[in-house]
Amino acid sequence: MIDEKKIPLPYIKKSEYPGSDAGIRFMFRSVTVTNEGSGEEEKVMRVFIWPEPYCLTKTDPEKITSRDFPLTQAGKEEAVEWINREHEEHPERYENTGIRL
């Protein structure tokens, strides 16, 4: 289970933040998107999850899931809850391979 306190929001605002836990890998990334309603650009936190053992760029795109969250403390907490929930609800997908590269 991922502890949101160990994921630094200031770091995410400046750079990608990768990690893994018991078979699941994740990447936090700050991206700029266009708000469909107003047409204005805004920064959001895009979070990717995928099964081990490979890095994001070497994983089959069909195995990667992503969601956008507000680039805030509350958004980070929501993202971590989502990752943990996905891990718990789909244990067969994120089976811990024991492989550490």
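FYI, it's all coordinate maths here, none of it is from the lab. Note that the structure is predicted; figures quoted are calculated from it, not measured. Cβ sites come from the backbone with ideal geometry, for glycine too, and all protein chains shown count toward neighbours.
Observations, loosely collected:
- Subset of the stretch 34-58 (residues that are in contact with an Asp or Glu (Cβ under 9 Å, 6 or more places away or on another chain) and free of Cβ contacts under 8 Å to residues at least 12 places away in the same chain): Thr34, Asn35
- Qualifying position, being among the aliphatic types (A, V, I, L, M) and loosely packed, with under 10 Cβ neighbours inside 10 Å, among Ala74, Ala22: Ala74
- Complete set of residues in the stretch 1-47 that are closer than 19 Å to Pro91 by Cβ, within 14 Å of the chain's Cα centre (by Cα) and not polar (S, T, N, Q): Met1, Ile2, Gly19, Asp21, Gly23, Ile24, Arg25, Phe26
- Test: Glu77 is farther than 15 Å from Ile2 by Cα, assigned to a helix (DSSP H, G or I), out of contact with any Ser or Thr (no Cβ under 8 Å at 6 or more places or on another chain) and not aliphatic (A, V, I, L, M): no
- Residue match in the stretch 43-51 (condition: in contact with a helix residue (DSSP H, G or I) (Cβ under 7 Å, 6 or more places away or on another chain) and over 12 Å from Ala79 (Cβ atoms)): yes
- In a residue-by-residue description of the stretch 55-63, the property of being buried (at least 16 other Cβ atoms within 10 Å of the Cβ) and out of contact with any Phe, Trp or Tyr (no Cβ under 8 Å at 6 or more places or on another chain) applies to no position.
- Some residue of the stretch 57-66 being closer than 17 Å to Ser20 by Cα, over 15 Å from the mean Cα position of the chain (by Cα) and of a type outside the set (D, E, K, R): no
- Residue count, the stretch 4-33 (criterion: touching a strand residue (DSSP E or B) at 6+ places or on another chain (Cβ under 9 Å) and touching a residue at least 60 places away in the same chain (Cβ under 8 Å)): 5
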